[in-house]
Amino acid sequence: MTQSNSASGNGAEAARGLWSSRLAFILAATGSAVGLGNIWKFPYVTGENGGGAFVLVYLLCIAIIGIPILMAEVFIGRNGRHNPITSMRLVAERNLKSPMWRISAIVGMIAAFVILSFYSVIGGWSASYVGHAAMGDFTGGTAESIGDLFGGLLASPVQLLIWHTVFMALVVLVVSRGLKGGLEKAATILMPALFILLLVAVGYATTTGHFGEAVSFLFTPDFGALSVSGVLIALGHAFFTLSLGMAIMMAYGSYLGRDISIARTAISVAVMDTGVALLAGLAIFPVVFANGLEAGAGPGLIFQTLPLAFGNMPMGGLFGTLFFVLLLFAAWTSGISLLEPVVEWVEEKTSLARTGSAILVGILCWGLGIASILSLNVWSDVAPLGMFERFEGKTIFDLLDFFTANIMLPLSGLLTAVFVGWFVAKESLKLDLVLDGGGFQLWYGLIRYVTPVAVIIVFAYNLMG
């Protein structure tokens, strides 16, 4: 059975193409993982949950949840050599299990599509702020003027629609060009550029006089400042930051050559993704502390708190522009990965070529995004599930975010972990993951016992929170 699988795999590789190198896959997968979650969310949740202790727990959670599921998803993609749904079905059938396990990929792909619809709106905010920073709109700003700037953007359906369209067009442009000319080329240009910009931002942060304070805040654990809620948030963020539960790594894994170690590659992606999150903290917190701002300023940290600091610091216009270009690049690489699984499925299941598939899915996703745009202004008082106390006052934007992040992604990740850990032949896993004996037993124990329980805890916390 192993020989026939390998033979069919070789034929599929020739037909669909492969990443040109292990580095190309790592850059693309890291580009998917590195998004607004690293540069926007990680710093503020770290600030809200006590700094160093939260970071330590987060790193542990990456190891026990993130890496095991990442390896499982890449395994399914490479073993199946098709779109995520078909790959999941093929792996199940080869292990004499029900093809219904493909529900994991279906849930993940739907989640990716929905997330991109509102993620594109936020990506549009980043694109808009590049222009504001470059034109000096933050210079000499007050809390009120910066707040008005952001409030004005959210209140204008036309502005939001323009930037949403620009961002979605950038994503469709890359995905429409396929593996070599699109995904790989974008990753090999955007990711090094993102790292350079991030290092420049950190370099600038060292000149603020508060860099040591930021290092201490991030890397000195104060467990007294960490609550049970903070631990669960770290657990959840570790899961989401690696783009798990969205069928992305299954799609990217389908282009991965069989001579490349899944284990080493997954660990490299996790290390690079975590490195970006920590560097983002080192770039942002010195600026926050230098300006007497609040580290736990919440979601407004990037779009309201930091522009205020940029507008009142030496070279703030230049630094602010570089920062929002960095944020845009991070959002762009993630947007590309969110579109890819669905486009891959449409391309394989219809008569449309890659370009047509990308345009069709992009237009549908763009259309759904309009609902999120309107929920920020014209429909801001519309709460579709307002009859339930839990969802009172939650807009369409809020609900899309809630159901994808709190239900669909954990469900998809949990099903994948259970399927690979309990229903795939151990010999097949050993052959594909290329791990030594001790390393394999550690991963196998995590994916079977620890990871599913941890995801269930995240699931339960999010639903009851």
(message) Full-extension gain between residue 385 and residue 134, please, as 0.36 nm times their residue separation minus the C-alpha to C-alpha distance.
(response) 86.3 nm
(request) With no solvent and one equal point scatterer placed on each C-alpha of the stretch 360-465, evaluate the Debye formula and give log10 I(q)/I(0) for q = 0.15, 0.24 Å⁻¹, two decimals. (result) -0.78, -1.20
(request) Kindly give the semi-axes, whole Å and largest first, of the ellipsoid equivalent to the stretch 292-369, taking each as the square root of 5 times a Cα gyration tensor eigenvalue. (result) 39, 13, 9
(request) Provide the solvent-accessible area of residue 185, counting protein heavy atoms only and rolling a 1.4 Å probe, rounded to the nearest 10 Å². (result) 110
(request) Return the inverse of the average 1/r over all pairs of distinct C-alpha atoms in the stretch 422-465, which is the Kirkwood hydrodynamic radius, in Å to one decimal. (result) 11.8
(request) State to the nearest 20 debye the size of the charge dipole of the stretch 340-403 about its Cα centre, where the only charges are +1 on K and R beta carbons and -1 on D and E beta carbons. (result) 140
(message) For Cα pairs less than 8 Å apart in space and 6+ apart in sequence, what is the mean separation divided by the residue count of the chain, i.e. the relative contact order in percent?
(response) 34
(message) Students often check this: by mean Cβ neighbours within 10 Å, which of 369-377, 281-289 ranks highest, and how do the rest follow?
(response) 281-289, 369-377
(request) Would you be so kind as to identify which of 274, 42, 173 lies farthest towards the positive end of the dipole of the chain, taking Lys and Arg as +1 and Asp and Glu as -1 on Cβ and the Cα centre as origin? (result) 173
(request) Express in nm, to one decimal, how much length is gained between residue 21 and residue 227 on full extension, taking 0.36 nm for each residue of separation and deducting their alpha carbon distance. (result) 69.9 nm
(request) Hey, can you find the accessible area per residue of the stretch 132-271 for me, probe 1.4 Å, expressed in square angstrom? (result) 40
(request) Compute the whole-percent fraction of alpha carbon pairs in the stretch 308-348 spaced more than 13 Å apart. (result) 63
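More than 23 angstrom separation, counting every C-alpha pair in the stretch 98-244; what % is that?
I get 62 percent for the Cα pairs in the stretch 98-244 exceeding 23 Å.
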(message) Test of understanding: what is the full-extension gain from residue 158 to residue 464, defined as 0.36 nm times their sequence separation minus their Cα-Cα distance?
(response) 106.5 nm
(request) State which entries of 41/97; 97/349; 41/394 exceed 27 angstrom in Cα-Cα distance in the structure shown. (result) 41/97
(message) Only four residue types carry charge here, +1 at the Cβ of Lys and Arg and -1 at the Cβ of Asp and Glu. Report the dipole size of the chain about the Cα centre in Debye, rounded to the nearest 20.
(response) 1500
(message) Cβ neighbours within 10 Å, averaged per peptide: list 260-272, 72-84, 18-30 in order, most packed at the top.
(response) 72-84, 18-30, 260-272
(request) Find the relative contact order for the stretch 194-316 and round it to a whole percent, using C-alpha pairs within less than 8 Å whose residues are 6+ positions apart. (result) 47
(message) What's the whole-number percent of alpha carbon pairs in the chain lying beyond 31 angstrom?
(response) 40
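Could you sort 108-116, 129-137, 148-156 so that the peptide with the highest average Cβ count within 10 Å comes first and the rest follow in order?
Descending mean neighbour count gives 108-116, 129-137, 148-156.
Given the alpha-carbon gyration tensor of the stretch 224-350, what are the semi-axes of its equivalent ellipsoid in whole angstrom, ordered largest first, with each equal to the square root of 5 times an eigenvalue?
Each semi-axis is the square root of five times an eigenvalue, giving 34, 20, 14 Å.
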(request) Using a Förster distance of 41 angstrom, determine the FRET efficiency expected from the C-beta separation of residue 95 and residue 199, and round it to 0.05. (result) 0.35
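The values are calculated or read from the model by the stated rules, or taken from the named source; none is laboratory data. Keep in mind that what you see is a predicted model, and the values were worked out from it rather than measured. Note that each Cβ is placed from the backbone with ideal geometry, even for glycine, and that neighbours are counted across all protein chains shown. The area values use the complete protein model at the heavy-atom level, side chains included, leaving out ligands, DNA and RNA. Shrake-Rupley method; radii C 1.70, N 1.55, O 1.52, S 1.80 Å.
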